[in-house]
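A.B. asks: Next up is a structure, given as structure tokens.
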Amino acid sequence: MGRVIAVCISEAKGTQKKNVHSAEFIEDWGIRNDAHAGKWHRQVSLLSHDKIEAFRARGAQVEDGAFGENLVVEGIDFASFPVGTIFRCNDVVLELTQVGKKCHHGCEIFRKMGDCIMPREGVFTKVLHGGVISEGDELTVDHKKNKILTFSYDDGVTQDVHLIELFHKYHMKATFNLNSGLLGQENELVRDGVRISHNKNKPEDVRFIYDGHEVAAHTLTHPLLTQIEDVQEIIRQVEEDRIKLSDLCGYEVIGMAYPGGGVNYNDHVSDVIRKHTGIRYARTTCSSHSFDLQNHLYQFQPSVYHHTEMDRMFEMGREFLELKTDERKIFYVWGHAYEFDIRNEWKRFEEFLEMMSGREDIAYCTNREAFLL
Ligand SMILES: [Zn+2]
């Protein structure tokens, strides 16, 4: 249980907030008169008082609200909770939607101190129910959502745009694995005798198209990494892609999916990536048909492949909805958005999203959020 130390708002984004001691929280909006209120997923930000105190102890002179945080709360380590956690205070219900954020380069605090705690300690929430919060009120952690649903889509094709519309419609998030060296290229594929477009989104559109989701690496040019003998070339394919995509997105990319079918990874390749790149998880194309957590994040096995295992995906989906668990479980679906064109399965996939959506006990996350990275 925590205690509210300050309630802060500001007129403009990117500025320090001021303690107003008490404020009204509006459902699916944010705090009245606050610059961050709106129809998005970062309506209210929270920061632990204890973390601010530790920062002050290092010589920083910061007022409550200086990091742009709305609520300063004593006794709760917010960054330790997963996306989907519920916080309650009086009538107000907040759902954790994002842990940490990119710091505005040269925010005032960063310029003075060479560090800022908001990017790693701040969390963002949506207002599920409105009310009033004042200094001194008690804030509780209600329940954690143990069931995580996440998606992963490869190649950065133009069909991603429609897929993202569907994810938005059902309030879900996904991760998209892009080849920065192939962005903007036009191409066609023949699959099951059907000619389908395999055009890639343009680099300048990446930030906009994938906003609110996660962009991850897929190598520069999509080679089979297991067939590359030169270790430096494996590193270049992964790390240069990661850095280019980070530039395009404006945040640090830390995930990847192995490109190509068949044997697209092995212990050697995943070890090289783990030791020599900034990648922190890598997805394979081998279905686990399981919701269990896995300990080898550099050889992560998705639960199911939407394309060749569509029926299985529905089966597992129903199983996941029924599942009662005290442990964290992840349902991880992967594929390529262009595959929906082959047998025109867009409608069917939408039915799946509709079936899985809006559940109180499921958190809808990007991959990195699912892995608590
Ligand atoms: Zn691919």
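A.B. asks: Given the conditions (1) out of contact with any Ser or Thr (no Cβ under 7 Å at 6 or more places or on another chain); (2) at pLDDT 90 or above, report the number of the one that Ala57 does not fulfil.
C.D. replies: Checking Ala57 against (1) out of contact with any Ser or Thr (no Cβ under 7 Å at 6 or more places or on another chain); (2) at pLDDT 90 or above, the one that fails is (2).
A.B. asks: Residues in the stretch 313-336: is at least one within 16 Å of the ligand (Cβ to nearest atom) and not in a strand (DSSP E or B)? Steps first, please.
C.D. replies: Taking the stretch 313-336 as the starting set, the residues that turn out to be within 16 Å of the ligand (Cβ to nearest atom) are 333-336.
Add one more test, that the residue is not in a strand (DSSP E or B), and what stays is 336.
Checked against the condition, which is being within 16 Å of the ligand (Cβ to nearest atom) and not in a strand (DSSP E or B), the stretch 313-336 yields at least one hit.
A.B. asks: Give the residues of the stretch 26-48 that are closer than 23 Å to Gly212 by Cα and part of a strand (DSSP E or B), sorted by residue number.
C.D. replies: Answer for the stretch 26-48, where residues must be closer than 23 Å to Gly212 by Cα and part of a strand (DSSP E or B): Ile26, Gly30, Ile31, Val44, Ser45, Leu46, Leu47.
A.B. asks: Another one. Let me confirm something: among Phe151, Phe167, which residue is at pLDDT 95 or above, more than 16 Å from the ligand (Cβ to nearest atom) and touching a strand residue (DSSP E or B) at 6+ places or on another chain (Cβ under 8 Å)?
C.D. replies: On the way: Phe151 fails: more than 16 Å from the ligand (Cβ to nearest atom).
The unique qualifying residue is Phe167.
A.B. asks: Name the one entry in Glu74, Glu69 that is in the same structural domain as Glu135 (by TED's automatic domain parsing), touching a His at 6+ places or on another chain (Cβ under 7 Å) and of a type outside the set (Val, Ile, Thr). Give the derivation first.
C.D. replies: Details: Glu69 fails: touching a His at 6+ places or on another chain (Cβ under 7 Å).
Answer to the selection: Glu74.
A.B. asks: Here is a follow-up. Please pick out the residue among Lys347, Lys329 that is among the basic types (Lys, Arg) and either over 21 Å from Lys145 (Cβ atoms) or crowded, with 22+ Cβ neighbours inside 10 Å (or both).
C.D. replies: When all the criteria are applied, what remains is Lys347.
A.B. asks: Which one is surrounded by the fewest Cβ atoms within 10 Å (Cβ to Cβ) among residues in the stretch 230-242 that are in contact (Cβ under 8 Å) with a residue 24 or more places away in the chain and more than 15 Å from the ligand (Cβ to nearest atom)?
C.D. replies: The extreme case among them is Val231.
A.B. asks: Looking only at the stretch 205-221, count every residue that is in a loop (DSSP other than H, G, I, E, B), within 14 Å of the ligand (Cβ to nearest atom) and buried (at least 16 other Cβ atoms within 10 Å of the Cβ) and tell me the total.
C.D. replies: Residues meeting the conditions: 3.
A.B. asks: Here is a further query. Is there a residue in the stretch 271-291 that is more than 27 Å from Leu224 (Cα to Cα) and either touching a helix residue (DSSP H, G or I) at 6+ places or on another chain (Cβ under 6 Å) or more than 16 Å from the ligand (Cβ to nearest atom) (or both)? First the steps, then the outcome.
C.D. replies: Here is the first cut: in the stretch 271-291, the ones more than 27 Å from Leu224 (Cα to Cα) are 291.
In the following step, the residues that additionally are either touching a helix residue (DSSP H, G or I) at 6+ places or on another chain (Cβ under 6 Å) or more than 16 Å from the ligand (Cβ to nearest atom) (or both) were identified as 291.
Within the stretch 271-291, one or more residues are more than 27 Å from Leu224 (Cα to Cα) and either touching a helix residue (DSSP H, G or I) at 6+ places or on another chain (Cβ under 6 Å) or more than 16 Å from the ligand (Cβ to nearest atom) (or both).
A.B. asks: Output the residues belonging to the stretch 187-204 that are closer than 19 Å to Leu245 by Cα and either away from the ligand (no atom under 16 Å from the Cβ) or assigned by TED's automatic domain parsing to the domain that holds Thr85 (or both). If you could, list the steps in order and put the result at the bottom.
C.D. replies: Here is the first cut: in the stretch 187-204, the ones closer than 19 Å to Leu245 by Cα are 199-204.
Those that are closer than 19 Å to Leu245 by Cα and either away from the ligand (no atom under 16 Å from the Cβ) or assigned by TED's automatic domain parsing to the domain that holds Thr85 (or both): Lys202, Pro203, Glu204.
So that you can scan it fast, the table gives a plain yes or no per residue for (1) crowded, with 18+ Cβ neighbours inside 10 Å; (2) β-branched (Val, Ile, Thr); (3) in contact with a His (Cβ under 6 Å, 6 or more places away or on another chain):
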position: Val83; (1), (2), (3): yes, yes, no
position: Ser134; (1), (2), (3): no, no, no
position: Thr140; (1), (2), (3): no, yes, no
position: Ile148; (1), (2), (3): yes, yes, no
position: Ser180; (1), (2), (3): yes, no, no
position: Arg191; (1), (2), (3): no, no, no
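A.B. asks: Just checking, does the stretch 93-110 include any residue being at pLDDT 90 or above, in contact with a His (Cβ under 6 Å, 6 or more places away or on another chain), within 16 Å of the ligand (Cβ to nearest atom) and outside any loop (DSSP other than H, G, I, E, B)?
C.D. replies: No, the stretch 93-110 contains no residue that is at pLDDT 90 or above, in contact with a His (Cβ under 6 Å, 6 or more places away or on another chain), within 16 Å of the ligand (Cβ to nearest atom) and outside any loop (DSSP other than H, G, I, E, B).
A.B. asks: Still on this structure: Among (1) of a type in the set (Ser, Thr, Tyr); (2) within 29 Å of Lys347 (Cα to Cα); (3) under 23 Å from the mean Cα position of the chain (by Cα), there is one condition Thr219 misses while meeting the rest; what is its number?
C.D. replies: So Thr219 meets the others, but not (2).
A.B. asks: Go through the stretch 249-267 and report how many residues are surrounded by 19 or more Cβ atoms within 10 Å (Cβ to Cβ), more than 15 Å from the chain's Cα centre (by Cα) and away from the ligand (no atom under 16 Å from the Cβ).
C.D. replies: Looking only at that region, the number is 0.
A.B. asks: Here are the criteria: (1) part of a loop (DSSP other than H, G, I, E, B); (2) within 19 Å of Cys8 (Cα to Cα). Tell me which single one Val83 does not satisfy.
C.D. replies: It fails just one condition, (2).
A.B. asks: While we're looking at this one, here's another question. If Asp292 passes every condition in (1) at pLDDT 95 or above; (2) out of contact with any Asp or Glu (no Cβ under 6 Å at 6 or more places or on another chain); (3) surrounded by 15 or more Cβ atoms within 10 Å (Cβ to Cβ) but one, which one does it miss?
C.D. replies: Here Asp292 meets the rest and fails (3).
A.B. asks: For the stretch 305-347: of the residues being hydroxyl-bearing (Ser, Thr, Tyr) and in contact with a strand residue (DSSP E or B) (Cβ under 8 Å, 6 or more places away or on another chain), which is modelled with the lowest pLDDT?
C.D. replies: Keep residues of the stretch 305-347 that are hydroxyl-bearing (Ser, Thr, Tyr), which gives 305, 308, 325, 332, 338.
With in contact with a strand residue (DSSP E or B) (Cβ under 8 Å, 6 or more places away or on another chain) added as a condition, the list becomes 305, 325, 332, 338.
Values: Tyr305: 97, Thr325: 90, Tyr332: 98, Tyr338: 97.
If we take residues in the stretch 305-347 being hydroxyl-bearing (Ser, Thr, Tyr) and in contact with a strand residue (DSSP E or B) (Cβ under 8 Å, 6 or more places away or on another chain), then Thr325 is modelled with the lowest pLDDT.
A.B. asks: Find the residue count for the stretch 272-295, including only residues that are over 18 Å from the mean Cα position of the chain (by Cα) and in contact (Cβ under 8 Å) with a residue 12 or more places away in the chain.
C.D. replies: Keep residues of the stretch 272-295 that are over 18 Å from the mean Cα position of the chain (by Cα), which gives 272-277, 284-292, 294-295.
Those still in the list that are in contact (Cβ under 8 Å) with a residue 12 or more places away in the chain too: 272-274, 276-277, 284-292.
Residues meeting the conditions: 14.
A.B. asks: Here's a follow-up. Suppose the filter is surrounded by fewer than 22 Cβ atoms within 10 Å (Cβ to Cβ), assigned by TED's automatic domain parsing to the domain that holds Val215, within 16 Å of the ligand (Cβ to nearest atom) and touching a residue at least 24 places away in the same chain (Cβ under 8 Å); does Ile362 pass it? Working first, answer last.
C.D. replies: On the way: surrounded by fewer than 22 Cβ atoms within 10 Å (Cβ to Cβ): yes; assigned by TED's automatic domain parsing to the domain that holds Val215: yes; within 16 Å of the ligand (Cβ to nearest atom): no; touching a residue at least 24 places away in the same chain (Cβ under 8 Å): yes.
No.
The values are calculated or read from the model by the stated rules, or taken from the named source; none is laboratory data. Model, not experiment: these values are computed from the prediction. We place every Cβ from the backbone using ideal geometry, glycine too, and count neighbours over all the protein chains shown.
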